[in-house]
Amino acid sequence: MVGAVIYVRVSTKEQTENLSLPTQLRACEEYCRRQGYEVIERFHEEGESAKTTDRTELQKLLTYCRQNKGPVHFVVVFNLTRFARDKYDHFALRSLLQSLGISQRSATEPIDDTSTGKLMEGVLAAFAQFDNDCRSDRTRAGMKAALEPGRRVFLAPIGYVNAPRAMGKSLMADPKRAPLVRRAFEEYATGRFTKQQLLAQVSTWGLTNRRGKPLTSQAIGVLLRNQVYVGIVDCPEYGVRGKRGDFDPLVSEEVFYRAQAVLCGRMPVATPKQRAHPDFPLRAFVRCQSCGRGLTGSWSKGRSEYYAYYHCRPGCRGVNVTKTKLEGLFADELALLQPTPGYMRLLKESVLQIWKARKAAARDEVAAAERAAKALQGKLDRLDEAFLFERSVDIDTYDRHAEKLRQELTLLRMDRHSSELDELDVEGILAFAERVLPRAADLWVQASLDQRQRFQQLFFPEGIAFDGNGFVGTAVTAPAFNYLRPIGTANEGLVDLTGIEPVTS
């Protein structure tokens, strides 16, 4: 009697509740009956993706086939996509089964061990990967299309619940947790609590995650940084940044950004509302040297027209300067941060050096995998020698160890295939930066309000002080831009690599 094992799989837990698994199993059993195969064992993979070989039932199937390679002649699947969606993985698994004397069969596709059947198998495996790639492209396009208008398409964070589509909103406030989340932001924004102290507080209030468990330190950090609470949808992995959500925020912008300032170890100089006047991009960003508070801005009526001024707040008369003068001085300040050509050369060399180091690390991982594969192959060769020439092991011992080594070798080669580093045009990115950074002042003058404020925070995250005539003191620049200041000729061959790394998401 010809023996066969059946392997059926569904990708999601939800599919296990419908007829997908029973349908696959019934079709496979009917195929075996028509072909005269005896079904020896059945393997049900529930809620596992075919994109990886690290599947519980697949591993059990391979082990079972290795231990029962005599009785087992065929592995029967509903179709090839149930076994693997990557053509490399498909043929690696097929080769492993063939080494055990086992062939693969599909209940719905015409594959066999003939030349035509093998050709069809190769075509179907390639189409399975093509279909998987198309699904991935469609999923990403669909997610981006849904996110663009501000719709939150993921599981609701703590404090929200996913709203029915009929409501026209993607999220709505959780009646139980929303007030506690709001209170957590308000308390933390005062600067009187550390994250650990806040975690202890919210635990006493009864704030839990969706499973009813207390929040962890990591969870409270993620909660405090999540822009969704201020009504913003931000998903850079889908190319969507800073979109206004179609749902109501739980926290005001003032409270949220004060909390961000506390998280960064500093208190804000002004609320977002004060900074958001389109005529005064430096409002609240530039501080008065006398009182330390952020300048405000307003229009004053002259005899025939209005004039724009930046000035101190009530109670201080330290600064009163025209909009044109202050913004011109700020553009000049940005121009002072332009990197020298020599430094840009060093910066490029440093970043390229780091990127090469990352590529080298990836090569080391691949090399380690290859060494491990070579070691396994060496064990297999020595086992062959012991069996064929030295006759120091019997046939049963040889079969048991040889097939286990072949399985480990196949899976190791598949893992090595997936660990290779994608190519990235780092030199092109650096060339773009080299063109943009020296023009920071010009770009700031020409930019929109939002872009100007991003530039300001990028170069001077803590703002900059003004005494009425010019900027005073040493402004604190972002760490990366500390390195853009000119360096001495004597040390021009040296550069500190710390902080000069490509930004990763």
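The values are calculated or read from the model by the stated rules, or taken from the named source; none is laboratory data. None of these values were measured; they are calculated from a predicted model. Backbone-built Cβ (ideal geometry, glycine too); neighbour counts: all protein chains shown.
Let's see how each residue does on (1) surrounded by 12 or more Cβ atoms within 10 Å (Cβ to Cβ); (2) more than 39 Å from the chain's Cα centre (by Cα); (3) modelled with pLDDT under 80:
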residue	(1), (2), (3)
Ala362	yes, no, yes
Ala368	yes, no, no
Ala372	yes, no, no
Gly378	no, no, no
Phe389	no, yes, yes
Asp399	yes, yes, yes
Ala402	yes, yes, yes
Would you check if Asn209 is within 20 Å of Arg183 (Cβ to Cβ), modelled with pLDDT under 90 and within 16 Å of the chain's Cα centre (by Cα)? no
Region 170-179: number of residues that are crowded, with 18+ Cβ neighbours inside 10 Å and either in contact (Cβ under 8 Å) with a residue 60 or more places away in the chain or not assigned by TED's automatic domain parsing to the domain that holds Asn226 (or both): 4
The condition of being more than 23 Å from the chain's Cα centre (by Cα), buried (at least 17 other Cβ atoms within 10 Å of the Cβ), in a helix (DSSP H, G or I) and not basic (Lys, Arg) holds, among Val202, Val251, only for Val202
Can you tell me which of (1) at pLDDT below 90; (2) within 27 Å of the chain's Cα centre (by Cα); (3) surrounded by 13 or more Cβ atoms within 10 Å (Cβ to Cβ); (4) within 26 Å of Gln451 (Cα to Cα) is the one Gly239 doesn't meet? (3)
Quick one: which of Arg287, Arg275, Arg283 is at pLDDT below 75, of a type outside the set (A, V, I, L, M, F, W, C) and either closer than 22 Å to Gly470 by Cα or touching a strand residue (DSSP E or B) at 6+ places or on another chain (Cβ under 7 Å) (or both)? Arg275
Being over 27 Å from Gln456 (Cβ atoms) and not in a helix (DSSP H, G or I): is that true of Asp234 here? no
